[in-house]
Each structure stands twice: as C-alpha cells, then as structure tokens.
1. Just one of the numbered conditions (1) part of a helix (DSSP H, G or I); (2) crowded, with 17+ Cβ neighbours inside 10 Å; (3) touching a helix residue (DSSP H, G or I) at 6+ places or on another chain (Cβ under 6 Å) is not true of residue 191; which one?
2. Is the range 217-232 home to any residue that is in the same structural domain as residue 113 (by TED's automatic domain parsing), without any contact (Cβ under 8 Å) to a residue 24 or more places away in the chain, part of a helix (DSSP H, G or I) and closer than 26 Å to residue 115 by Cβ?
3. Could you check residue 38 against (1) free of Cβ contacts under 8 Å to residues at least 40 places away in the same chain; (2) over 12 Å from the mean Cα position of the chain (by Cα); (3) closer than 24 Å to residue 195 by Cβ and say which number it fails?
4. From the list 270, 259, 242, 207, pick out the single residue that is at pLDDT 75 or above, out of contact with any strand residue (DSSP E or B) (no Cβ under 6 Å at 6 or more places or on another chain) and exposed (fewer than 14 other Cβ atoms within 10 Å of the Cβ).
5. What tally of residues in the range 53-72 results from selecting those that are assigned to a helix (DSSP H, G or I), touching a residue at least 40 places away in the same chain (Cβ under 8 Å) and surrounded by fewer than 22 Cβ atoms within 10 Å (Cβ to Cβ)?
6. Take the conditions part of a helix (DSSP H, G or I), in contact with a helix residue (DSSP H, G or I) (Cβ under 6 Å, 6 or more places away or on another chain) and closer than 14 Å to residue 148 by Cα and apply them to residue 124. Does it pass?
7. From the list 25, 20, exactly one residue is surrounded by fewer than 20 Cβ atoms within 10 Å (Cβ to Cβ) and under 17 Å from residue 223 (Cα atoms). Which is it?
8. Which condition number in (1) more than 26 Å from residue 91 (Cα to Cα); (2) buried (at least 18 other Cβ atoms within 10 Å of the Cβ) is the one that residue 13 fails?
C-alpha cells in the first residue's frame, strides 16, 4: 500500500535521514578522492556515486508527497535497486589498494567482478523501469537477476578477503585496517543483502520487503541503517589512510610488466656483451 499523498509519513522521515547522512558522505567522498585519487580503481569515486544515488532516491521519495506519480515512484525504485552496485563496488578500492602491496591478484580479476556488478546495475535499471510501468510496482525477473549479480560480486570479495588474510605479512600494519574494516562490515552487508534477497526467493514476504510500500521499520533497520554504518566505516578508514607512495600509484600488477621489460633489457645487454666477447 502506497502512502497517502500530501502527508509526511514515517517513510518520508527515513528519506530525510538518508539525505542528512549521505550529504555528509558526499562531502567526504570528494575529500577522499582529492586525497587518494579519482580513478575508479581507487574506489573512493564510487562513494560519491553511491551517495548521489541515495540522495536522488530519497529526493524522489519526498517528491512523492505532492507528486505521487508512477515516474516518481519508478525513479525511487531504480535508485534503490541499483544502489547495491556501488555499495558492493566500494570494496574494489579496498582490495585494489591491498593488492598493490600483496601483488598476488591480477587486475583482470577486479575487472571481472566489476563487470558482474555493472551487469547487475544495467538489469536493475531496466527492471526498475519495467516495475514502474506495472500496476503493483513489484519485483520482476530483471530485478531478481540484478540482486543475484550483486550478491555474486560480494561473494567474490569475501573470497578475496580470505585470500588476503593469508597474505597478511605482505601488507604494512598501517594498511591492515582496510581488512579489519571489511570484516566489521560483513554482518551489515549480510543483513542488507537479506533485505533484497529474501523477497526474491520467498514471495510470501515480498509485501513487507519493499522500499516503496513495504514495512518501513524493516526497511530502516535492514537496509538504510546498514548502508549508513557501512559507508561511515569506509569513510573513517579512508580518512585515516596515508597517501600511497608514488611507486604504488600505478595500475595493479603493472609491476609485472615493468619486471618483464627489465628482464628483456638485461637479456639484450647480456647477449650484446657475449657477442663482443
């Protein structure tokens, strides 16, 4: 059941909470990008994207007070659905940075994870558009596939987390809070994914697990607060990180290419010396 028009409701209050926190996170996102870099591989620019999505989605929700149209609700639904993409991809920055020290994972592995999440993003957009055109604004197959893509990407990050724990000795002590922060966020991410996954596979509870017309308390405590805690944790860690030294600001695993070039130079020099001899 949609909220009555012209009335400020509990759901609108949740939107105000989102605007308050994500406006702050947006500012910190620009600060972190200025400090650590605006490249997508650094991860911090994704914080800006996620904050903007949540600000736009909350604005759509507040706009529905006086303009309860399908397009407004559809905009809110799309922003809500595709928000899992940047929330998941925030971890690209964490593991990409750690890999610059561990030097174990090829950069293409991160590209594959990104593509899976981007596929979920595209499916979420089209699913949200189709849902906004339906009578009940409910879940459809595209939105389900979108959630599964995001879940698969996060499971991949969990696997990377376990791998980096085994390589902890390669990571400087001042960089290890990135791993600890990821570990602290795991229970909150699990709850956040439960909010999206449970109604996908259990239709009987779907009416309660909907950001637009479901149970607002469930939405607040299983989605909104989780996202706020996760982003706050990443912002806190990011603000405490030192800038990467210049030699580590190259793309991941570019050191292998450099090593190969050095080997080629040395081999050519050696062969030249042998000829002279």
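The values are calculated or read from the model by the stated rules, or taken from the named source; none is laboratory data. Keep in mind that this is a model prediction, so the values were computed, not measured. Counting neighbours? That spans all protein chains shown, and the Cβs are built from the backbone with ideal geometry, glycine included.
1. Among (1) part of a helix (DSSP H, G or I); (2) crowded, with 17+ Cβ neighbours inside 10 Å; (3) touching a helix residue (DSSP H, G or I) at 6+ places or on another chain (Cβ under 6 Å), residue 191 violates only (2).
2. Checking the range 217-232: not a single residue is in the same structural domain as residue 113 (by TED's automatic domain parsing), without any contact (Cβ under 8 Å) to a residue 24 or more places away in the chain, part of a helix (DSSP H, G or I) and closer than 26 Å to residue 115 by Cβ.
3. That leaves (3) as the condition not met.
4. Result of the check over 270, 259, 242, 207: 242.
5. So the answer is 4.
6. yes
7. On the way: 25 fails: surrounded by fewer than 20 Cβ atoms within 10 Å (Cβ to Cβ).
That would be 20, the only listed residue that is surrounded by fewer than 20 Cβ atoms within 10 Å (Cβ to Cβ) and under 17 Å from residue 223 (Cα atoms).
8. It is condition (2) that residue 13 fails.
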